[in-house]
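The values are calculated or read from the model by the stated rules, or taken from the named source; none is laboratory data. Everything quoted here is computed from the prediction, not taken from an experiment. Cβ placement follows ideal geometry from the backbone for every residue including glycine, while neighbour counts extend to all protein chains displayed. What goes into the accessible areas is simple: the full protein's heavy atoms, side chains included, and nothing from ligands, DNA or RNA. Shrake-Rupley method; radii C 1.70, N 1.55, O 1.52, S 1.80 Å.
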Amino acid sequence: MGVGAERGAEGRAGRPRAIGAEAMRKPAPARGVVMAVVGPSGVGKDTLLTGAAAHLKTDPSFAFAQRVITRPARADAEAHEPMTAADFDAAEAAGAFFTSWRAHGVRYGVRTAAAAGLQAGRHVVLNGSRAALAETAARAAALGARIAVIHVTAPAEIVAERLRRRGRESEASIAARRSRPALPAGSAAPVFEVVNDGAVEEGVFRLIAALRAARRLSERARR
């Protein structure tokens, strides 16, 4: 099904934020897992997440986090919460984000409220960044939660063609993307590979299989 096992990030991660004294105390273990879905532009990550969220909407164990992004909303793109750069900076300074990062001049964040269900056992699925994996893992650990990485990939020629169809990037930019490392080295988080090289529905079910595999990992760890 294209779901692999263990291996242990895109743009620059958001600025480090201090964690208060309460968060520095050892938290009670959370029953939920932070499931960071990552992958380079062009692999179809947003499409697969939209499909998986629709299929799993009746499964209360999964919570799909909406991103905050400093660009306008578009009908043909990810359903995000748009925010100006100034408002984003203010929200970040106020501790509004569980994790945040910058990529290609755009700011991305996932609100702290999205992680509220971890202690109750809900698995938080977020559209993440490879560059921000270390920060996301640290924020999860501060809540007593584990992180699992769902790495979406596709053959290089398919990715390049998808990027060309978008019409946002030059050939040089597309080639530069292809030369970037897939994932940062040194992470201890379990990684589940999802190869998105076929029909959308097939990719969606591969992602769902990976999310359920990550959930089983959490259930085994609690026994």
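Keeping all protein chains in place, calculate the accessible area per residue for region 44-174 (probe 1.4 angstrom), answer in Å².
Working: 5840 Å² over 131 residues.
Here the per-residue accessible area is 45 Å².
If amide hydrogens are placed 1.01 Å from N in the peptide plane, which non-local residues have theirs closer than 5 Å to the one on residue 121?
The answer is 31, 32.
Modelled label-to-label distance, residue 66 and residue 217, 7 Å Cα→beta-carbon offset: nm?
Taking the two extended label points, one gets 2.8 nm.
Rounded to whole Hz and in sequence order, give me ³J(HN,Hα) for region 197-206 from the Karplus expression 6.51 cos²θ - 1.76 cosθ + 1.60, θ = phi - 60°, writing x for Gly and Pro.
Result, rounded to whole Hz: 10, x, 5, 4, 4, 5, x, 4, 5, 5.
Hey, got a sec? Which GluC sites (Glu not before Pro) in region 50-137 land in a DSSP loop and have at most 13 other Cβ atoms within 10 Å? Display every interim value, and only then the final one.
On the way: sites: 78, 92, 135; in loops: 78.
In loop regions of region 50-137 (DSSP not H, G, I, E or B), there are no sparsely surrounded GluC sites (Glu not before Pro).
Taking amide H positions as placed in the peptide plane 1.01 Å from N, state which residues far from residue 193 in sequence (5 or more) or on other chains have amide H under 5 Å from it.
4, 5, 151
Suppose R0 equals 35 Å. What FRET efficiency, 1/(1 + (r/R0)^6) with r the Cβ-Cβ distance, do residue 157 and residue 73 give to the nearest 0.05? Mind dumping the intermediate values first?
Working: r = 31 Å, r/R0 = 0.89.
Given R0 = 35 Å and the Cβ-Cβ separation, E is 0.65.
Collect residues whose amide H, placed 1.01 Å from N in the peptide plane, falls under 5 Å from the amide H of residue 35; neighbours closer than 5 in sequence don't count.
124, 125, 126, 148
Given points 7 Å out from each Cα along the Cα-Cβ axis, report the residue 90 to residue 199 separation in nanometres with one decimal.
4.8
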